[in-house]
Amino acid sequence: ERSARRAHDRGGFAAEAAFMQRCLALTKAPKRRAERALAAALARLRAGAFDTALALLVAAEAGPLDDLGRARVDLLRAKAAYSLSRGSDAPPLLLRAARALEGLEPRLARDTYLDALSAAVFAGGLAATGDLLDVSRSVRVSATRAEAERASDLLLDGLVLLFTRS
């Protein structure tokens, strides 16, 4: 894990992913194995190995995960779908992940809502569900509010206001 962190800090995402996958192979305890599978999936996603990341998410789901772990699986699956197809699958998946993260990790939930908006803009008319207006309305009614306003929070709130203003 230390080697994976060092590789990540130096921008070596493929090396980070390889180290994390090796950690996973050496781990026997089910809870720790699920956590490492999730970390390895994130590293593989960063490195652009989307199919491997999806396989690692299946391994993570096989272990005992708490609510946050399951929400992170949903988030990574949505990000992989967006990276693979850039189509209509991503907005509803990102929206579901954001809703799951609301009570668990509010900042990550807001970042995920912003990703969902971006995916909806990109998908445009291809999105049968999770279109721009659906995502914007979901953000407006969400319980997650910015504690300390970051630039991304201001952007999210501004876009939602723009898209939902009638």
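Regarding residue 34, is this residue open to solvent by less than 60 Å² (accessible area, probe 1.4 Å), touching a residue at least 24 places away in the same chain (Cβ under 8 Å) and within 16 Å of residue 73 (Cα to Cα)?
For residue 34, the condition - open to solvent by less than 60 Å² (accessible area, probe 1.4 Å), touching a residue at least 24 places away in the same chain (Cβ under 8 Å) and within 16 Å of residue 73 (Cα to Cα) - is met.
State all residues of the range 24-83 that are over 14 Å from residue 4 (Cβ atoms), of a type in the set (Gly, Ala, Ser) and assigned to a helix (DSSP H, G or I); if no residue qualifies, say none.
Across the range 24-83, the qualifying residues are 34, 53, 55, 59, 60, 62, 69, 71, 78, 80, 81, 83.
Quick check on residue 95: is it within 15 Å of the chain's Cα centre (by Cα) and either charged (D, E, K, R) or open to solvent by less than 60 Å² (accessible area, probe 1.4 Å) (or both)?
Yes; evaluated as a whole, the condition is true for this residue.
Looking at 24, 42, 65, can you tell me which residue is without any contact (Cβ under 8 Å) to a residue 60 or more places away in the chain, open to solvent by less than 20 Å² (accessible area, probe 1.4 Å) and not charged (D, E, K, R)?
Sole residue among the options that is without any contact (Cβ under 8 Å) to a residue 60 or more places away in the chain, open to solvent by less than 20 Å² (accessible area, probe 1.4 Å) and not charged (D, E, K, R): 24.
Are there any helices (runs of 4 or more DSSP H) wholly within the range 84-149 with 2 or more residues that are at pLDDT 90 or above and closer than 21 Å to residue 73 by Cβ, and if so which?
In the range 84-149, the matching helices (runs of 4 or more DSSP H) lie at 90-101, 106-123.
Given the conditions (1) buried (at least 17 other Cβ atoms within 10 Å of the Cβ); (2) at pLDDT 95 or above; (3) among the basic types (Lys, Arg), which single one is not true for residue 6?
(1)
The values are calculated or read from the model by the stated rules, or taken from the named source; none is laboratory data. Model, not experiment: these values are computed from the prediction. When we count neighbours, we look across all protein chains shown, and the Cβ atoms used for this are built from the backbone with ideal geometry, even at glycine. Only protein heavy atoms, including side chains, enter the accessible area calculation; ligands, DNA and RNA are left aside. Shrake-Rupley method; radii C 1.70, N 1.55, O 1.52, S 1.80 Å.
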